[in-house]
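Here the structure is laid out as structure tokens; the discussion comes afterwards.
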Amino acid sequence: MSIIKQTIYQSRKNKEKELEIKLYNLKNLLVDFEACDYFGIYKSDDCDDEFLVYEEWKSEEDYIASQDSEAYKSFQKTYDELVLKKHNLLVF
């Protein structure tokens with residue numbers, strides 16, 4: 001069963017561009033995973049510091065396995081420095 005995950009990231013003050021770059025780096029690395037059907041990043045029209053990340057994975061197991069990838073580990077190294085808030089939306 002496939003899984004869709006949506007996450008809103010709010011960057012720390014003056015870290016918007018850095019977060020955007022890190023998210024796109026993450027995307028570029030994860031789209032090579034066969035189990036990743038889609039990975040999209042959308043910047044908010046209303047708030048320059050908010051990004052929606054929309055992910056589609058072949059299965060929940062594939063999504064969980066991706067969390068152990070070097071791509072996610074690299075993103076996590078700078079997470080606290082760049083992200084003020086993270087909000088997970090409905091996953092199905």
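The values are calculated or read from the model by the stated rules, or taken from the named source; none is laboratory data. The structure displayed is predicted, hence computed values, not measured ones. Methodologically, a virtual Cβ is constructed for each residue, glycine included, from the backbone with ideal geometry; neighbour enumeration extends over all protein chains shown.
Hand me the list of strands (runs of 3 or more DSSP E) wholly inside the range 1-89 holding 3 or more residues that are exposed (fewer than 15 other Cβ atoms within 10 Å of the Cβ). Walk me through how you get there before you give the answer.
Working: elements: 3-11, 36-43, 50-57, 83-88.
By residue number, 36-43, 83-88.
Which condition breaks for Leu19 when tested against (1) more than 24 Å from Leu90 (Cβ to Cβ); (2) touching a residue at least 60 places away in the same chain (Cβ under 8 Å)?
The single condition Leu19 does not satisfy is (1).
Could you tell me whether the range 6-24 includes any residue that is within 20 Å of Tyr79 (Cβ to Cβ), in contact with a Leu (Cβ under 6 Å, 6 or more places away or on another chain) and of a type in the set (Asp, Glu)? Give the derivation first.
Restricting attention to the range 6-24, the residues satisfying the condition of being within 20 Å of Tyr79 (Cβ to Cβ) are 6-24.
Retained after the next criterion (residues that are in contact with a Leu (Cβ under 6 Å, 6 or more places away or on another chain)): 6, 8, 10-12, 15, 18-19.
Filter once more, so that each one left must be of a type in the set (Asp, Glu): 18.
So far as the range 6-24 goes, yes, one or more of its residues are within 20 Å of Tyr79 (Cβ to Cβ), in contact with a Leu (Cβ under 6 Å, 6 or more places away or on another chain) and of a type in the set (Asp, Glu).
Quick check on my filter: what residues within the range 49-73 are modelled with pLDDT of 90 or more and within 12 Å of Leu23 (Cβ to Cβ)?
Hits for the range 49-73 are Glu50, Phe51, Leu52, Val53, Tyr54, Glu55, Tyr72.
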